[in-house]
Amino acid sequence: VQLQASGGGLVQAGGSLRLNCTASERTFINYAVGWFRRAPGKDREFVAAISFSGRTTNYADSVKGRFTISRDNAKNSVYLQTDSLQPEDTAVYYCAASRNSWPSRFRYDYESWGQGTLVTVSS
């Protein structure tokens, strides 16, 4: 499945952005979807994931309570609402799709990746 991530931008600390992940294939609704990020000089890390049904979610401790993942299967889309952004959230954010039903936090469980969208948080 091909994924398109969008919604990144420049925001001040404390601000919000909504990231979007859209797929062209209808089979997207059968995939769990995760968001990962890579900050400058760091490895790619897990942010959040959601099951194919949307009933189960999984968050990294660093974003729990600030970020919310959701999906609208009628629109073939998954969203990441990012609130209370901090400079340490600056990174390229990637969405990824997995045939597993469980919203894994391990990047090796994901077969398809989008191109990434840049989030920059200024202090």
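The values are calculated or read from the model by the stated rules, or taken from the named source; none is laboratory data. Everything numeric here is computed off the predicted structure, so don't read it as measured data. As a convention, Cβ positions derive from the backbone with ideal geometry for all residues, glycine included, and neighbour counts pool all protein chains shown. To get the accessible areas, we keep the full protein, side chains included, count just its heavy atoms, and leave off ligands, DNA and RNA. Shrake-Rupley method; radii C 1.70, N 1.55, O 1.52, S 1.80 Å.
Of the conditions (1) among the hydrophobic types (A, V, I, L, M, F, W, C); (2) open to solvent by 70 Å² or more (accessible area, probe 1.4 Å); (3) modelled with pLDDT of 95 or more, A74 fails just one. Which one is it?
Of (1) among the hydrophobic types (A, V, I, L, M, F, W, C); (2) open to solvent by 70 Å² or more (accessible area, probe 1.4 Å); (3) modelled with pLDDT of 95 or more, only one is false for A74: (3).
Could you check region 58-67 and list, in sequence order, the residues that are of a type in the set (D, E) and either in a strand (DSSP E or B) or closer than 21 Å to Q4 by Cβ (or both)?
Answer for region 58-67, where residues must be of a type in the set (D, E) and either in a strand (DSSP E or B) or closer than 21 Å to Q4 by Cβ (or both): there is none.
Evaluate the following for E88: is it closer than 19 Å to T120 by Cβ, modelled with pLDDT of 95 or more, loosely packed, with under 14 Cβ neighbours inside 10 Å and among the acidic types (D, E)?
Values: closer than 19 Å to T120 by Cβ: yes; modelled with pLDDT of 95 or more: yes; loosely packed, with under 14 Cβ neighbours inside 10 Å: yes; among the acidic types (D, E): yes.
Yes, satisfied.
Which residue, of Y110, Y93, is over 23 Å from L10 (Cα atoms), touching a Gly at 6+ places or on another chain (Cβ under 8 Å) and surrounded by 13 or more Cβ atoms within 10 Å (Cβ to Cβ)? Before you say what the answer is, go through the steps one by one.
Numbers: Y93 fails: over 23 Å from L10 (Cα atoms).
Exactly one residue qualifies, and that residue is Y110.
Counting residues that are of a type outside the set (V, I, T) and surrounded by 17 or more Cβ atoms within 10 Å (Cβ to Cβ), which strands (runs of 3 or more DSSP E) fully inside region 1-57 reach at least 2?
3-6, 17-23, 32-38, 44-50
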